[in-house]
Amino acid sequence: QVQLVESGGGLVQPGGSLRLSCAASGTIFNFAVMAWYRQAPGKQRELVALITSGDSLNYVDSVKGRFTISRGNAKNTVYLQMNSLKPEDTAIYYCNGELLGRNFWGQGTQVTVSS
């Protein structure tokens, strides 16, 4: 079955950087859209960034200029480069992919920004 696996989370000081990775398996098709969401304690899950098969990009306002989403050379991989991290970026980050009308989710990776 289709699986998405994230990696790269961790603890970082304010102003630091992290790079999240997501690799999908179990399909020969390309995802139409791949995205990163995050959910902080007590808050709803929110879209952070997405990239389409045509390389259109979209970011939530709070991360514009700091985060960059990109596709990897390997099929159905996506990255999220996070710079100038702030404590309010602390959350579980989830990879999401849209494939043939269905949404798939990874298990999530914790990002904690704290001194």
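The values are calculated or read from the model by the stated rules, or taken from the named source; none is laboratory data. Since we're looking at a predicted model, the values are computed, not measured. A quick note on method: Cβ atoms are made from the backbone with ideal geometry, for glycine too, and the neighbour counts reach across all protein chains shown. Please note that ligands, DNA and RNA were not included when accessible areas were found on the heavy atoms of the full protein model with its side chains. Shrake-Rupley method; radii C 1.70, N 1.55, O 1.52, S 1.80 Å.
For the reader, a short list of remarks on this structure follows.
- For the condition open to solvent by less than 30 Å² (accessible area, probe 1.4 Å) and over 21 Å from Arg66 (Cβ atoms), Ala32 does not qualify.
- Counting the residues of the range 5-45 that are of a type outside the set (Gly, Ala, Ser) and under 11 Å from the mean Cα position of the chain (by Cα) gives 9.
- Restricting the first member to the range 87-104 and to residues that are within 9 Å of Phe31 (Cβ to Cβ) and open to solvent by less than 70 Å² (accessible area, probe 1.4 Å), and the second to residues that are part of a loop (DSSP other than H, G, I, E, B) and not polar (S, T, N, Q), the beta-carbon pairs closer than 7 Å and six or more apart or on different chains are Gly97/Phe31; Leu99/Val2; Leu99/Phe29; Leu99/Phe31; Leu99/Ala32; Phe104/Val2.
- Flag for Ser70 being open to solvent by less than 60 Å² (accessible area, probe 1.4 Å) and free of Cβ contacts under 8 Å to residues at least 24 places away in the same chain: yes
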